[in-house]
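The values are calculated or read from the model by the stated rules, or taken from the named source; none is laboratory data. Given the structure is predicted, the values throughout are model-derived calculations rather than measurements. When we count neighbours, we look across all protein chains shown, and the Cβ atoms used for this are built from the backbone with ideal geometry, even at glycine.
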Amino acid sequence: MLPSGSMWRSWVIVGMLVLGCAVMAWRVGGPQRVGQALASGAGLFVGVLPNLLLGFALAGFLHVLLPAELISRWMGEGSGARGVWVGTVAGMLTPGGPFTHFPILASFLSKGAAVGPVCAYIAAWALIGLNRFFVWELPILGPNVALVRFAASMGLPPLVGWLGGWLYRTLHLT
């Protein structure tokens, strides 16, 4: 499957950034510096590769196992506020990093999920993820700061979902 137009643009932009950085590294330290940069990038890639493989495998299984009708009913264009809330709750409850979430969300979009619920999911995962709240924020920041930050963020994912869906429709990006 060939990538969409936006994916090609992204590749061109990132490719130009890589080329620019390579030129700067060459000027600063010659081929050794370029080699160091490539080795560092390869090390990072090898480190995240298991997460990538698991995230894409999970997305593939969900794509095969979850019927499009189910995704469309709960998170599709006609789901309205319920879809935004489903996206918010799912994002809040689902642990894991971007290697897990974005392949799953791409699969959901291909099966009929609307942009609003997907935006709500991403915002909830980033702002009010319960796993991060209980594992990191409460023990490190303490209950006062963690609870205030959590409460202040609670209303944002549904707002982001509604606004994201509205902008997508208004700008005719469908």
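Count of segment 100-144 residues, restricted to those that are more than 17 Å from Ala59 (Cα to Cα), within 11 Å of the chain's Cα centre (by Cα) and surrounded by fewer than 21 Cβ atoms within 10 Å (Cβ to Cβ), is 1.
Exactly one residue out of Gly83, Gly76, Gly96 is surrounded by 15 or more Cβ atoms within 10 Å (Cβ to Cβ), farther than 27 Å from Arg169 by Cα and assigned by TED's automatic domain parsing to the domain that holds Trp162: that is Gly96. Residues of segment 9-18 include at least one that is exposed (fewer than 14 other Cβ atoms within 10 Å of the Cβ), over 21 Å from the mean Cα position of the chain (by Cα) and β-branched (Val, Ile, Thr).
One residue stands out in segment 29-40 among those that are in contact with a helix residue (DSSP H, G or I) (Cβ under 9 Å, 6 or more places away or on another chain) and under 25 Å from Gly97 (Cβ atoms): the one that is surrounded by the fewest Cβ atoms within 10 Å (Cβ to Cβ), namely Leu38.
Each row is one residue, and each column tells you yes or no for (1) out of contact with any Leu (no Cβ under 7 Å at 6 or more places or on another chain); (2) assigned to a helix (DSSP H, G or I).
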residue	(1), (2)
Ser107	no, yes
Leu127	no, yes
Arg132	yes, yes
Ile140	yes, yes
Thr174	yes, no
